[in-house]
Amino acid sequence: MKSLKLILSNPRYFGAAWVFTSINIWFGTWAIYIPTVKEKLGIDKADLGIALFCLSLGVFTIIPMSSKLINRIGVGRASWIGVVLVSATAMLPLMAPNYYVLMAALYLFGAGNGFIDIAINTLVTEIEKEDKQNFMSAAHGFFSLGGILVGLGSFLIPVIGNPVLHMGITVVLVFIINLFFRKHYIHIVAAPVEKEPFSLKLFKPLLLLGIIGFVSFGSEGAIIDWSGLYLKEMTMAPELLIGAGFLAFSTTMTLGRFLGDGISARIGPIKLVGLGALIAALGYFLVLTQQTTWSIVGFAFNGLGFSVIVPELFRIGGNVKGVDSSQGVAFIAGSGYIGFLLGPVILGFIAESASLNYSFILLLCMAFLVFGITFFLRRRGK
């Protein structure tokens with residue numbers, strides 16, 4: 001909890017952490033109105049899927065160029081520009097008068113989200129280097145808190161009664177807080193890195209970290225999308241408990257991220273990723289018992305295990321020898337986003353052709369793969 005106290009007591013750290021919160025508030029507020037937008041525009045699920053793909057396309061378009069932009073304008077200034085971009089585009093999807101404008105709006109919203117995600121993770125990496133303080137995991141915990149704030153804000157839907165107004169109020173409030181704290185980080189630039197010519201030796205650790213990112217993001221996406229259905233169909237859970245798996249997953253993920261920095265400082269980020277993978281694997285074993293109570297406990301262990309993996313990946317990726325921190329973060333983010341998008345789809349195909357149980361067996365195997373990669377990285381001393 002030392003890193004949480006650090007964030008709450010120092011505006012330099014809180015400013016960066018609040019950007020993480022902002023990302024989830026913006027995205028989550030849009031997400032709760034997706035059914036409303038679908039009904040308003042009279043589009044079917046297939047059309048909605050294509051529109052949401054445009055959001056992902058925006059993310060992937062910006063990732064290849066983000067590191068160069070961040071290095072050119074400075075990581076602190078880039079983070080602030082990201083805040084402005086997302087604030088400017090967050091309301092556009094809810095204001096779209098037709099389907100084609102919706103696709104364009106989601107593309108811009110996705111590009112803004114992709115840019116700020118890479119910029120803020122790079123910023124935290126640079127602050128950690130400069131101040132010799134660990135708070136990456138706790139900063140990601142503030143992202144999780146953003147989801148909680150969105151959930152609380154959803155109770156205002158009947159009161160406000162207008163999606164655009166709801167998002168507008170949200171954007172203004174979030175922007176004002178960011179505006180107040182930007183002075184504490186806007187001047188930060190990435191420390192110069194002695195670049196090395198491309199070689200397999202240099203690329204190998206990044207590739208392995210990218211694989212971990214693909215698996216970890218994909219597993220998180222799969223649990224978010226499939227945990228409720230698993231409890232309903234495989235454990236025959238009563239309707240009251242169908243959402244309990246996701247709740248347990250989210251709660252332990254938030255808690256784990258506030259504890260992760262202290263553990264990372266003691267045992268190192270690579271060992272912590274391996275430990276997280278083992279905890280997640282234990283969770284999958286419990287999920288696969290197909291007993292409602294034990295499966296819910298298993299999802300809680302999944303959340304605890306994965307809570308530390310993604311923040312530590314960004315921390316490691318931002319410190320790979322001979323690679324700019326923004327490039328390392330961008331590579332891991334790109335790999336992770338691909339996993340987050342493809343993971344649920346692949347598992348859905350397995351569930352349809354075989355059984356949802358086999359999908360979670362695959363996730364168990366992937367957790368062991370992550371542990372194996374960390375074992376290899378430790379031996380290599382990366």
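The values are calculated or read from the model by the stated rules, or taken from the named source; none is laboratory data. This structure is a prediction, so every number in the text was calculated from the model and none was measured. As a convention, Cβ positions derive from the backbone with ideal geometry for all residues, glycine included, and neighbour counts pool all protein chains shown.
Looking only at residues in segment 5-35 that are of a type in the set (Ser, Thr, Tyr) and part of a helix (DSSP H, G or I), the one that is surrounded by the fewest Cβ atoms within 10 Å (Cβ to Cβ) is SER9. Just one residue in the set PHE258, PHE285 is closer than 20 Å to GLY146 by Cβ, in contact with a helix residue (DSSP H, G or I) (Cβ under 8 Å, 6 or more places away or on another chain) and not acidic (Asp, Glu); that residue is PHE258.
In summary, helices (runs of 4 or more DSSP H) completely within segment 257-358 and bearing 1 or more residues that are in contact (Cβ under 8 Å) with a residue 24 or more places away in the chain and in contact with a Lys or Arg (Cβ under 7 Å, 6 or more places away or on another chain) occur at 269-287, 292-317. Of the helices (runs of 4 or more DSSP H) entirely within segment 126-241, those holding at least 3 residues that are free of Cβ contacts under 8 Å to residues at least 40 places away in the same chain, within 28 Å of TRP30 (Cα to Cα) and among the hydrophobic types (A, V, I, L, M, F, W, C) occupy 163-181.
Whether a residue is surrounded by fewer than 19 Cβ atoms within 10 Å (Cβ to Cβ), within 20 Å of the chain's Cα centre (by Cα), assigned by TED's automatic domain parsing to the domain that holds ASN113 and in contact (Cβ under 8 Å) with a residue 12 or more places away in the chain was assessed, and SER56 passes this test.
Here the condition is being surrounded by fewer than 21 Cβ atoms within 10 Å (Cβ to Cβ) and either touching a Leu at 6+ places or on another chain (Cβ under 9 Å) or hydrophobic (A, V, I, L, M, F, W, C) (or both); of ILE332, ILE350, ILE309, it holds for ILE350 alone.
Residues of segment 206-263 that are hydroxyl-bearing (Ser, Thr, Tyr), modelled with pLDDT of 90 or more and within 30 Å of VAL320 (Cα to Cα): SER216, THR252.
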